[in-house]
1. Hey, among the residues in region A:184-198 that are over 11 Å from A:P82 (Cα atoms) and either crowded, with 17+ Cβ neighbours inside 10 Å or touching a residue at least 60 places away in the same chain (Cβ under 8 Å) (or both), which one's farthest from the other protein chains (Cβ to nearest Cβ)?
2. Collect the residues in region B:109-130 that are modelled with pLDDT of 90 or more and either within 13 Å of chain A (Cβ to nearest Cβ) or not in a helix (DSSP H, G or I) (or both), keeping them in residue-number order.
3. Does A:G228 satisfy being more than 10 Å from chain B (Cβ to nearest Cβ) and assigned to a strand (DSSP E or B)?
4. So, of the residues in region B:37-73 that are buried (at least 17 other Cβ atoms within 10 Å of the Cβ) and among the charged types (D, E, K, R), which turns out to be nearest to the other protein chains (Cβ to nearest Cβ)?
5. Looking only at region B:31-68, how many residues end up being modelled with pLDDT of 85 or more, more than 20 Å from B:P132 (Cβ to Cβ) and not in a helix (DSSP H, G or I)?
6. Six or more apart or on different chains, Cβ under 6 Å: which pairs go from a residue in region A:168-183 that's assigned to a helix (DSSP H, G or I) to one that's of a type in the set (A, V, I, L, M, F, W, C) and surrounded by fewer than 16 Cβ atoms within 10 Å (Cβ to Cβ)? Could you list them?
7. Among the residues that make up region A:159-169, is at least one of them within 11 Å of the chain's Cα centre (by Cα) and closer than 23 Å to A:F227 by Cα?
Amino acid sequence: MSMDRRQFLKIAGISSLLGLGATAASATHNIWVKGINPPEVEPNPVTLKAEHWAMVVDMSKFKTEEDIQKSVSACHTTHNVPDFGNIKDEIKWIWKAKYENAFPDQENPYMEEKIKEMPFIVLCNHCENPPCVRVCPTKATFKRKQDGIVMMDMHRCIGCRFCMAACPYGARSFNFREPRPFIKNENKEYPTRTRGVVEKCTFCTERLAVGKLPACVEAAPKGGLIFGDLADKHSEVRKIVETRYTIRRKAELGTGPSVYYLIGGNEHA
Amino acid sequence: MKLYDGGKILIGLLVFAAIATFPFYYHIGKVNAKPEPKLDTPAILQMPEQERKCVEPKAFMRTEHMQLLNNWRDAVVRDGYGQYVSTATAKHYNMSLQNECMRCHSNKKKFCDECHNYMAVKPYCWDCHIAPKEDDKS
């Protein structure tokens, strides 16, 4: 049978249409092709919900390095953060920084000595406009629509480290080495990471999901870390941010950090 | 046609054929042991007989557990859902490999590895997720 070009294209076109139709029909048979949707999944009823999770660091409650260390070690043991014992490979979710490093844009040579020497607690700022998310080629890091948390999906991270270059806060660490042997006490309820992925603070999404506050907030001395919904007018964080003078790290970059520092706080803040 | 060094060549060919087919001869008559995943963990044995059900029916879990786990991961990490409603029993389950699946199937070696090794698939779950502690008798 001979066939001219026109005939061939007709037959090819029709049969490809039929083929598409067939795959669409088979897809409806299997709900698993598209992933699961409500009502097959539900949020845990005890989940803490917010539109915009934010944190206020009340610096008056962090006088010494031990105060900070409480929160740091609470976080790092909860999340199986390895300790390699050297600064080059260091992995950190929450850590201590000097004023000049935390707020390099607000330095001034004749500043109050007290503030200059204060140990600041720093962590991922869960930006409103996160540069790390913008550069991630695999969407391994993304901003959760429901609560504004900048989250990591370790399964998708390919370890390109673009996000580390993009983050102006140094909040991301790369696993240059296999982390498992360097975790002292494994938390059996939380996974570890593997070599070749980037990790950072997640505002304890796994704890919020079961109705608990982040580990650092729970461990902070005298409520030094205040965690809440910035979009909620009646929340404590919103009230503090509205009524007190707070500063954010490198806000001029336009990232919209969600961690606020209350410097001149007193016992009642 | 004359075959130069015919003897050597033929012997060489025979030796080659014998070596190349050795695995087949060696295993003739031996039945390849089928994987037999075990469901006899203490957590499962404690349950009354009629309640010993997985999240979804056995046949589904057997063929689709990897899809299910993938979907669970996306639902938890990306969409912030915590619970899975079984389409079979409407029971609620925590969506977590490490904390929910392994709560019953605490025998990773006999439950996961048994088939995965047989099929020579190497899922990377346990590079990060912590497997339950098992005593090494197997």
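The values are calculated or read from the model by the stated rules, or taken from the named source; none is laboratory data. Note that this is a predicted model, so its numbers are computed, not measured. We place every Cβ from the backbone using ideal geometry, glycine too, and count neighbours over all the protein chains shown.
1. Looking at the filtered set, the residue picked out is A:V198.
2. B:V121, B:K122, B:P123, B:Y124, B:C125, B:W126, B:D127, B:C128, B:H129, B:I130
3. yes
4. B:R73
5. Here the count works out to 4.
6. From region A:168-183, the pairs are A:F182/A:F84.
7. No, that holds for no residue.
Let's see how each residue does on (1) assigned by TED's automatic domain parsing to the domain that holds A:E199; (2) buried (at least 17 other Cβ atoms within 10 Å of the Cβ); (3) over 21 Å from A:G264 (Cβ atoms):
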position: A:V57; (1), (2), (3): yes, yes, no
position: A:D83; (1), (2), (3): yes, no, yes
position: A:K96; (1), (2), (3): yes, yes, no
position: A:N108; (1), (2), (3): yes, no, no
position: A:E112; (1), (2), (3): yes, no, no
position: A:E117; (1), (2), (3): yes, no, no
position: A:C136; (1), (2), (3): yes, yes, yes
